[in-house]
Structures are given as C-alpha cells and as structure tokens.
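The values are calculated or read from the model by the stated rules, or taken from the named source; none is laboratory data. Nothing here was measured: the structure is a model prediction, and the numbers come from that model. Methodologically, a virtual Cβ is constructed for each residue, glycine included, from the backbone with ideal geometry; neighbour enumeration extends over all protein chains shown.
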Amino acid sequence: MDSMRLCAVAALLALSGEATAATLFENSALNSSSQNCAFECAEGLSAPDVTGAQSFALSGKSFVERLIVPYDRSGSGSLSFGTDNVDWEIRASSGGTPGAILASGTIVLEAADIEAVTIAGNTDEEMALEIGSVMLDAGTYFATFDVNLADMFAMFWSVSPTGTGTSFDSPDDGATWTPGYAGTISTPRGAMSLRVEGTSADAAVPVPAPAILLLSGLAGLAWTGRRRT
C-alpha cells in the first residue's frame, strides 16, 4: 500500500466522527464505613432476595454503555468469578417509580468486571457492567440490579448522601417497589452510588457528504495509481 493511499484512509478514519465514552451521570460514593448492607447480604440473612434500583437522569439523547456500582466488601468476603452473576435492567420512570423494562441482561462476573478505586481514602471496588449500547432519550430512568453471589459478604452497595435521584428496593424481582433502598437495615437510604457511562448522540458529528466523496475519490485514485505501477 503506497503512501498516498495510506493518507486517504487515515483521513477517512479521522473524519469518521466516532466519539469516546464519557460519564453521563454520577452519584458519588461514601467511604466503606457508611456502606449499606446490599444485594445478597439480605438473602444471606434469611430475608427475601432484594433487587436494588437507583434513578439517573440524562440531559440529552445518549447511548448508555456501562453501569458502574461502587461497593465495599468485608475482609472475609470474596467473589466467585465465573459463577456469580448480575441481572441488570434499565427501566423507564413511571411517576417517579421504576416502570417498564427498556433493556435487560445477565452478566456472569469476571475479574475484568471489577475495578479497584479509592473512596475517601479507603480502598474499595467498583462493579463495571458492559451492557452494549442502549439508546435513550433525555429524561429520567432507573438502573436495577439483582446480584446473585455465593458469598453474602462480598458486596456492600455504597450510599450516596450527596447524590441526586431516588433509590428503591424490591423483594419480588421488580413486581413491587419500596422507596429507599434498605437491604437489611431498618432505615431506607435516599440515593445510592451509581455511575452511567456512554456516548452523547450529539457527540458523533457526521461527515459532510462532499468530504466523504472527495476522500473516497482520493482513495480510488491511489488504488488505481498503484495498479498501474
């Protein structure tokens, strides 16, 4: 491949308008001393299985690609990679309550899904779920999580006292919702930690048609010239 053809291809790639993922919404976490007993901690203590939900807002049409949950675990708690799994959903907001399911899936947790972070000076972890690309309009939605763990002490969802939105929990896989995620404690929380990452639909700028034609023509000329030499 000659230099002229390389330049044409590089120019096409540079003008492709591909946008990089960014934070679309974030509720910051507290340190581990203020974590809420979350997810399977409830089931492990012989209480009903609890599904957690946290609302998030998008300012414009976006492609949601990752749901990230900061958490802490006790010193003896550990995840079983390859078997522990997460049922996730994105739901519409129906009068401020989790409503219709817009997207859902199940992810078997692997080491690559867990990232070490420092929260208020403490070493904690984040569960980062790659959910593909879910296109949502501007508005308010809910991310829900039903985490199925072999070790009930492996994950304590962090509260977010300075965060926005509301949290809910459900003992029956989302059939009914109770305001304020509680897990096994008696006092429901207002907002739980959550980070939503993806791409704004406005961030990908389309390449003008004349530019595409020009660069395609240059690539074609480069190819023709190479065949003649």
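On the given criteria, is T123 under 18 Å from P179 (Cα atoms) and in a strand (DSSP E or B)? Judged against the criteria, T123 is not a match. Might you let me know whether the stretch 203-210 holds any residue that is in a strand (DSSP E or B), under 27 Å from the mean Cα position of the chain (by Cα) and at pLDDT 60 or above? No. Is it the case that some residue within the stretch 183-193 is among the hydrophobic types (A, V, I, L, M, F, W, C) and at pLDDT 85 or above? Within the stretch 183-193, one or more residues are among the hydrophobic types (A, V, I, L, M, F, W, C) and at pLDDT 85 or above.
Within the stretch 178-185, can one find any residue that is aliphatic (A, V, I, L, M), touching a residue at least 60 places away in the same chain (Cβ under 8 Å) and surrounded by fewer than 20 Cβ atoms within 10 Å (Cβ to Cβ)? Within the stretch 178-185, one or more residues are aliphatic (A, V, I, L, M), touching a residue at least 60 places away in the same chain (Cβ under 8 Å) and surrounded by fewer than 20 Cβ atoms within 10 Å (Cβ to Cβ).
Screening I107 with (1) within 16 Å of the chain's Cα centre (by Cα); (2) at pLDDT below 95 gives one miss only, at (2). Yes or no: the stretch 113-128 includes at least one residue that is hydroxyl-bearing (S, T, Y) and either touching a His at 6+ places or on another chain (Cβ under 8 Å) or closer than 18 Å to E197 by Cβ (or both). No - not one qualifying residue is present in the stretch 113-128. Of the numbered criteria (1) at pLDDT 95 or above; (2) part of a strand (DSSP E or B); (3) more than 20 Å from E197 (Cβ to Cβ), the one G82 fails is (2). Taken over the stretch 85-96, the residue count meeting the criterion of being in contact with a Ser or Thr (Cβ under 9 Å, 6 or more places away or on another chain) and closer than 13 Å to A53 by Cβ is 8.
Among the listed residues T229, T166, which satisfies the condition of being crowded, with 20+ Cβ neighbours inside 10 Å and either at pLDDT below 60 or among the β-branched types (V, I, T) (or both)? From the options T229, T166, the qualifying one is T166.
Whether any residue in the stretch 58-70 is closer than 16 Å to A128 by Cα, at pLDDT below 90 and not in a loop (DSSP other than H, G, I, E, B) is what I want to check. Yes.
Go through G99, G132, G121, G105 for me and flag whichever is under 17 Å from S28 (Cβ atoms) and either of a type in the set (A, V, I, L, M) or surrounded by fewer than 20 Cβ atoms within 10 Å (Cβ to Cβ) (or both). Residue meeting the stated conditions: G121. Among the residues in the stretch 40-53, are any under 24 Å from D124 (Cα atoms), loosely packed, with under 13 Cβ neighbours inside 10 Å and at pLDDT 55 or above? No, every residue in the stretch 40-53 fails to be under 24 Å from D124 (Cα atoms), loosely packed, with under 13 Cβ neighbours inside 10 Å and at pLDDT 55 or above.
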